[in-house]
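**Student:** The structure under discussion is supplied below as structure tokens; questions concerning it will follow.
The values are calculated or read from the model by the stated rules, or taken from the named source; none is laboratory data. Note that the structure is predicted; figures quoted are calculated from it, not measured. Ideal geometry is used to build each Cβ from the backbone, glycine not excepted, and the neighbour counts take in all protein chains shown.
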């Protein structure tokens, strides 16, 4: 029934219209009502601007209660995992953003296997989701799986350090790794280009599997294909973070003020901040979640099921295995000794 209790009169065109073309609208309404969630991990040594970049990306202050450690405390600090969750709303769309930080990573004198707490945390989130998914009440499962890891590479070097290679190789089967060249304002444009080429070569040389952008469909327009190719060519993203507003050419922009000029965070000729934000939020957030669910989590889930199956089969074989009879000779010898006694 339509308003005023009147039945709508269907035209000939309506008779050929079933209505399933509105399914995307139904999914859209349901998704917007439910809201979205995204978990982003940031890793890299202290002082590379991880906190500043995260605040710049999502226009929020996640680290207002953080206490900075002095040099002596940093030496003795071990790697720990901290979580910051914030609810963001934009044009009626709600996003529950969780930032997983790794303070203490790479700060010790001996950084052997300092990636283990990070790998353990990712596995723990997979395990918790697997338990919830296998339980009786699966209606409101909370997804805390890490969808993306921004790994910050120091600009003060000739490429990847051994720690960088070790970390990415240890985690590339567990999480989508997006390499980031930190503090790009300390490098000239030529140095940025050379360092990007060097890092890409070393990533390929060491067999590191970073996040792969999906190929464009053949029916996509040329502008989209060009933007997608620019994203792929920008790896690792050379970024600058800033939470301060400065004045440049009569305009107020977010950036850094130096004696020789102003570095604008959102100027694409200065850094890749806009490309990274577009990739994370506007174009590839859902794909990062899909790859996490369909590849990394499925690998973990398959491994768990295989281990459980092997344990069940082993226990069944042990339980139903035929018992071996005692040797007759050994039995008689025992009787003989008893008899003599």
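**Student:** Give me a count of the residues in the stretch 174-186 that are out of contact with any helix residue (DSSP H, G or I) (no Cβ under 7 Å at 6 or more places or on another chain), farther than 17 Å from residue 148 by Cβ and touching a residue at least 40 places away in the same chain (Cβ under 8 Å).
**Tutor:** Selection size over the stretch 174-186: 2.
**Student:** Residue check, residue 232 against (1) surrounded by fewer than 20 Cβ atoms within 10 Å (Cβ to Cβ); (2) closer than 19 Å to residue 50 by Cα; (3) within 20 Å of the chain's Cα centre (by Cα), all met but one. Which one?
**Tutor:** Against the list (1) surrounded by fewer than 20 Cβ atoms within 10 Å (Cβ to Cβ); (2) closer than 19 Å to residue 50 by Cα; (3) within 20 Å of the chain's Cα centre (by Cα), residue 232 comes up short only on (2).
**Student:** Test residue 192 against the stated conditions and say whether it is over 22 Å from the mean Cα position of the chain (by Cα) and either at pLDDT 95 or above or closer than 27 Å to residue 255 by Cα (or both).
**Tutor:** So residue 192 passes the test.
**Student:** Write out, first by first residue and then by second, each pair whose Cβ atoms fall under 8 Å of each other, whose residues are 6+ apart or on separate chains, and whose first residue, in the stretch 266-282, is under 20 Å from residue 149 (Cα atoms) while the second is assigned to a helix (DSSP H, G or I) and at pLDDT 90 or above.
**Tutor:** 280/288
**Student:** Exactly one condition in (1) touching a residue at least 24 places away in the same chain (Cβ under 8 Å); (2) within 18 Å of residue 283 (Cβ to Cβ); (3) surrounded by 14 or more Cβ atoms within 10 Å (Cβ to Cβ) is false for residue 216; which is it?
**Tutor:** Residue 216 satisfies all of (1) touching a residue at least 24 places away in the same chain (Cβ under 8 Å); (2) within 18 Å of residue 283 (Cβ to Cβ); (3) surrounded by 14 or more Cβ atoms within 10 Å (Cβ to Cβ) except (1).
**Student:** Quick check on my filter: what residues within the stretch 280-292 are surrounded by 15 or more Cβ atoms within 10 Å (Cβ to Cβ) and more than 15 Å from residue 57 (Cα to Cα)?
**Tutor:** Scanning the stretch 280-292 gives 287, 288, 289, 291, 292.
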